[in-house]
Amino acid sequence: MEHKDENYIDTIGSKKLKWIGVDLDGTLAEFIWPDPGIGPIKLGAKEAMQKLIDNGFKVIVYTARPWSHYEAIEKWCIDNGLVVRRILCGKPLFRWMIDDKNCEFKGDWAQTINNILADDKKLYKVQDIPEKV
């Protein structure tokens, strides 16, 4: 579709976005918050993040922790071999999040990644995505 309006911005549709946000506490790391420090990396998290990267995703770690924890989070990611594009601190705190673009993490990284990649494969007709992580 051609637009004659010089102020028109051709935006990326949500189906084409390759940014993916991944929560820190309870998703990438074992949940120990608000105890000091960051819990150990969850089983399968490193491999899952790498699988996302290998399939063109750009990983952003987000957390409710304050920005004063940024350097500790960055070090934790490096120490655990996680390649992330960005870290966002201070996400809004809600009892529940209602979102039309959500993938719930239920403790199983293999199932979570397989769900994401299966959906992505449908959208892009991506080839060579294995059935299992």
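Every read-out reported here was derived from the displayed coordinates using simple, explicitly stated rules and does not represent laboratory data. Everything quoted here is computed from the prediction, not taken from an experiment. Every residue, glycine among them, receives a Cβ derived from its backbone with ideal geometry; neighbour counts consider all protein chains shown.
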Inset, instruction - Report ³J(HN,Hα) in whole Hz for each residue of the stretch 16-29, in order, from the Karplus equation J = 6.51 cos²θ - 1.76 cosθ + 1.60 where θ = phi - 60°; Gly and Pro get x. - result: 9, 5, 10, 6, 9, x, 10, 5, 7, 6, x, 10, 7, 10
Inset, instruction - Assuming R0 = 30 Å, can you tell me the calculated FRET efficiency for the pair residue 35 and residue 102, based on Cβ-Cβ distance, to the nearest 0.05? - result: 0.65
Inset, instruction - Past 18 Å, Cα to Cα, is the threshold; run 16/121; 51/121; 16/46; 42/91; 18/58 against it and keep the listed order. - result: 16/46; 42/91
Legend entry - Listed peptides 71-79, 88-96 by packing density, highest first (mean Cβ within 10 Å): 71-79, 88-96
Inset, instruction - Give me the net charge of residue 78's neighbourhood, meaning all other residues with Cβ under 13 Å from the Cβ of residue 78; Lys, Arg count +1, Asp, Glu -1. - result: -1
Inset, instruction - Please list the non-local residues whose amide H lies under 5 Å from the amide H of residue 22, H modeled 1.01 Å from N, same-chain partners needing a gap of 5 or more. - result: 60, 61, 62
Inset, instruction - Assuming 0.890 mPa s and 25 °C, estimate D for the stretch 19-65 with Stokes-Einstein, Rh taken as the Kirkwood radius over Cα pairs, in µm²/s. - result: 220 µm²/s
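If you count, for each residue, the other Cβ atoms within 10 Å and average over each peptide, how do 49-59, 35-45 line up from highest to lowest?
Packing proxy ranking, top to bottom: 49-59, 35-45.
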